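This report concerns only the one structure given below.
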Amino acid sequence: MPKRALSIAAAALAVGVLAFLLSRPDAGGPVVGSLAPEFRLTDLSGRTVTLADYRGKVVLLDFWATWCSSCESEVPGLKALDDRFKGADFALLAASVDEAGPEVVARYAADKALTYRILFADEATSKAYRIFGLPSKFLIGRDGKLVRKYLDVVAPDALAQDVQTLLQRSPS
């Protein structure tokens with residue numbers, strides 16, 4: 001292979017590798033240990049919700065959709081998690097990325113008897129949290145800092161253990 005063709009092939013490979021690395025879901029977005037991106041979203045009842053509203057609580061922010069079968073498989077575990085820590089300084093916020101409209105999300109929430117707070121994610125929030133796949137969850141400490149990212153299905157016991165560990169830490 002001529003030297004010029006080899007150089008072009010090497011450059012193309014380097015560009016491809018760089019593009020792949022920059023497109024990975026964990027590239028960019030919120031960094032563990034930094035403040036979680038603030039958001040201003042609407043819930044099922046039309047009320048505005050911000051992350052700042054939950055300062056002092058441990059927050060699990062779950063990005064999901066009604067059409068996501070992996071998200072649906074996590075519903076029983078999330079309901080159990082919410083029930084287990086209800087009354088503690090914990091909040092489960094489920095941000096739907098559905099584009100089908102609030103009626104579809106409301107019907108799904110009612111059919112599944114979801115008791116945790118359902119929000120409607122907007123494009124800015126999805127970009128800030130760098131949502132590329134579902135489900136995606138972010139565990140946020142009482143101080144508003146991101147403690148852990150879950151960029152796929154996660155075992156309910158692992159989530160419960162992580163939440164319990166954060167709740168046992170004394171508030172700053």
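Any read-out appearing in this document is the output of simple, stated calculations on the displayed coordinates, not a laboratory observation. These numbers were taken from a predicted model, which means no experiment stands behind them. Neighbour counts run over all protein chains shown; Cβ positions are idealised from the backbone, glycine included.
Can you list residues whose amide H is under 5 Å from S136's amide H, if they're 5+ apart or on another chain and H is modeled 1.01 Å from N?
HN-HN under 5 Å from S136: F63.
Where a ≥ b ≥ c are the square roots of the eigenvalues of the C-alpha gyration tensor, would you call segment 125-172 rounded, which needs a/c under 1.5, or, failing that, prolate if a/b is larger than b/c, or oblate?
oblate
Expressed in nm², what is the orientationally averaged projection area of the convex hull enclosing the Cα positions of segment 87-165?
Spelled out: convex hull of the Cα atoms, projected over all directions, averaged, 6.0 nm².
Determine ³J(HN,Hα), in whole Hz, for all residues of segment 35-49 in sequence, where each value follows from phi through the Karplus function 6.51 cos²θ - 1.76 cosθ + 1.60 and θ = phi - 60°; x replaces Gly and Pro.
Coupling constants for segment 35-49: 5, 5, x, 5, 9, 9, 10, 9, 9, 4, 8, x, 7, 7, 10 Hz.
Hey, which of these cross-link pairs are over 23 Å Cα-Cα: K112/K145; K57/K86; K57/K145; K57/K112?
Result: K112/K145; K57/K112 exceed 23 Å.
Could I have the simple spin-label model distance between L35 and F132, label points 7 Å from Cα toward Cβ, reported in nm to one decimal?
Here the answer is 2.6 nm between the modelled labels.
Could you list, bin by bin from short to long, the percent of Cα-Cα pairs of segment 31-168 in 5 Å steps?
Over segment 31-168, the share of Cα pairs per 5 Å bin runs 2, 10, 22, 26, 23, 13, 3, 0 percent.
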